[in-house]
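Q: Submitted below is the structure of interest, expressed as structure tokens.
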Amino acid sequence: PPPSAGKEELLYVEPQVIDGILEIDEEILEEGAKEWEEKLVGFFLDKKLPFLIVKDVILKRWKPKGQVEVALDGDIFYFSFSCVEDKKEALDIGSLYLAGKLFVIKPWSREVEKNRGAIRSVPIWVKLFNVPKNLWNAKGFSRQGSNIGKPLFMDKMTETKTMLTYARICVEVKAEKELPEEIQVKINTCKVATVSIEYPWKPLLCTKCQVFGQSMLNCERSVEHQRIQIETQKPGQFIMRNRNFNKFHGNGGNGGKPTNQVWTRPKRAQIWRPRNQEKGEGSKQGVQSDQLGFKTINSASKSIIHNCFSALESDGDGD
């Protein structure tokens, strides 16, 4: 083999092709997935930064004790750790901002590969305030966190109950619904407790497309939906929600946010046209009449223009 060849040898296996599709045993897929489950992945919800910048900033933030290998496949970064504690510390830090862009960190899974290019779930840290003490445990946080998304784990201070002002848990949320601001919890037959929720950051999400990285205001499908369902305000008046309105008309003190443009259907102009007093006049001496009621008499020497509105002038005998 050439010097560039690896150590592992490849073997020929009789392919199983059904309807033009190569069949792979589930056992082989499971075995291959285990090699990637030890890795973390990172991705931007917006346009990604260059590879070397991301690698340099991430390693400075994590300060790993062991070696961390970084690889890039399209828009997803893959992190391999030689020290298990470094991986746990990276997960504990969670998603962070790089040059003002959100960089999401999460464990590798098949779902990550399946949803490449359309992020449908992200892990976020949330703070829960006024949590009843009899719900300050794994089962209680599992129930409360499930009202937000898929609960993953608590932080150490919440688990050891060393800081009780609020509880901090990590929840994987999907772009299927808006994130709640509070949870109503029934703690006995006659009392309901209100648990307030605080998000250190809220990812942009579009419940119409069910993806992260864009908002409902910038969703093409949502804008078309709003234009189809035009709200009638008054006879002849409509509200047209136009996200590009501010590009051409200024922000109007609205902070650059999409504006509801009020548009009124213009009324058809009414033009008074007097009747011709002299019938058959248009056939004499080359007389031509335009749409506004003005007549032009063409002659070889000069053009004389008569105004039909002169019929409104009062006679000399009148007042």
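Values in this text are rule-based calculations from the coordinates and carry no lab data. Since this is a predicted model, take the numbers as computed values, not measurements. Counting neighbours? That spans all protein chains shown, and the Cβs are built from the backbone with ideal geometry, glycine included.
Q: Among residues other than Lys156 whose Cβ falls under 14 Å from its Cβ, what is the net charge (Lys/Arg +1, Asp/Glu -1)? Don't skip to the answer; put the middle values down first.
A: Details: positive: Lys88, Lys161, Arg168; negative: Glu85, Glu89, Asp92, Asp155, Glu159.
Result for the neighbourhood of Lys156: -2.
Q: Another one. Can you classify the range 14-86 as rounded, prolate or oblate using the Cα gyration tensor, where a ≥ b ≥ c are the square roots of its eigenvalues, rounded means a/c under 1.5, and otherwise it's prolate if a/b beats b/c and oblate if not?
A: oblate
Q: Could you work out the pair-distance distribution P(r) of the range 121-206 from its alpha-carbon pairs, with 10 angstrom bin width and percents rounded to whole numbers?
A: Bins of 10 Å from zero give 17, 53, 25, 4 percent of pairs.
Q: For each pair in Lys150/Lys191; Lys48/Lys177; Lys55/Lys150; Lys34/Lys156; Lys39/Lys60; Lys65/Lys101, compute the distance between the two Cα atoms and list the pairs where it is over 23 Å.
A: Lys150/Lys191; Lys48/Lys177; Lys55/Lys150; Lys34/Lys156; Lys65/Lys101
Q: Given the alpha-carbon gyration tensor of the range 62-165, what are the semi-axes of its equivalent ellipsoid in whole angstrom, ordered largest first, with each equal to the square root of 5 times an eigenvalue?
A: They are 28, 18, 12 Å, listed largest first.
Q: While we're here: Treating only the Cβ of Lys, Arg, Asp and Glu as charged (+1, +1, -1, -1), what charge dipole size does the range 23-114 show about its Cα centre? Round to the nearest 20 debye.
A: 940 debye
Q: Expressed as a whole number of Å, what is the distance separating the alpha-carbon centroids of the range 1-72 and the range 138-185?
A: Distance between centres, Cα-based: 31 Å.
Q: Can you give the net charge of the other residues whose Cβ lies under 15 Å from the Cβ of Lys63, counting K and R as +1 and D and E as -1?
A: That works out to +1.
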